[in-house]
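Accompanying notes for the structure given below.
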């Protein structure tokens with residue numbers, strides 16, 4: 001696996017490979033923000049994830065976790081977030 005974090009972006013990406021090194025897809029965490037403080041990264045995970053397979057098919061994951069976070073008061077429903085309109089896969 002190879003992990004990418006992007007300062008100022010509302011997502012991070014994990015490139016997933018099998019044990020033989022074959023690319024299996026992308027796992028994208030939907031975030032409120034990613035900030036850097038010296039040598040440390042801080043992110044606020046919004047519970048939603050997206051998996052994108054090599055053929056381009058994509059699936060939204062963990063919608064139930066997001067709903068539980070709202071219902072329990074863990075997350076404020078008016079949290080200002082700019083989500084990416086497009087995720088580019090290369």
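Listing 19, 65 from the residue with the fewest other Cβ atoms within 10 Å to the one with the most, what is the order? Numbers along the way, then the final one.
Numbers: 19 5, 65 14.
Placing the least packed residue first, the sequence is 19, 65.
For region 2-72, what relative contact order do you get, as a whole percent, if you take Cα pairs closer than 8 Å and at least 6 residues apart?
Computed value for region 2-72: 22 percent relative contact order.
Quick check on the exposure proxy: order 70, 47, 59 from fewest to most C-beta atoms within 10 angstrom. Intermediate results must be reported in sequence, preceding the final value.
Numbers: 70 13, 47 19, 59 10.
Listing 70, 47, 59 from fewest to most nearby Cβ atoms yields 59, 70, 47.
Which value results for Rg/Rh of region 2-72 when Rg is the Cα radius of gyration and Rh the Kirkwood radius based on the inverse mean 1/r?
Working: Rg = 13.8 Å, Rh = 13.3 Å.
Using only Cα positions, Rg/Rh for region 2-72 is 1.03.
Based only on other Cβ atoms within 10 Å, what is the fewest-to-most ordering of 17, 37, 11? Present the calculation step by step, with values, prior to reporting the outcome.
Details: 17 12, 37 7, 11 20.
Starting with the residue having the fewest Cβ neighbours, the order is 37, 17, 11.
Need one number: nm distance between label points at residue 18 and residue 64, each 7 Å from Cα along Cα→Cβ, rounded to one decimal.
It is 2.8 nm.
Can you compute the modelled spin-label distance between residue 74 and residue 2, with each label point 7 Å from Cα toward Cβ, in nm?
A separation of 3.2 nm, rounded to one decimal place.
Values in this text are rule-based calculations from the coordinates and carry no lab data. The shown structure was predicted, so the numbers you read here are calculated from the model rather than taken from an experiment. A quick note on method: Cβ atoms are made from the backbone with ideal geometry, for glycine too, and the neighbour counts reach across all protein chains shown.
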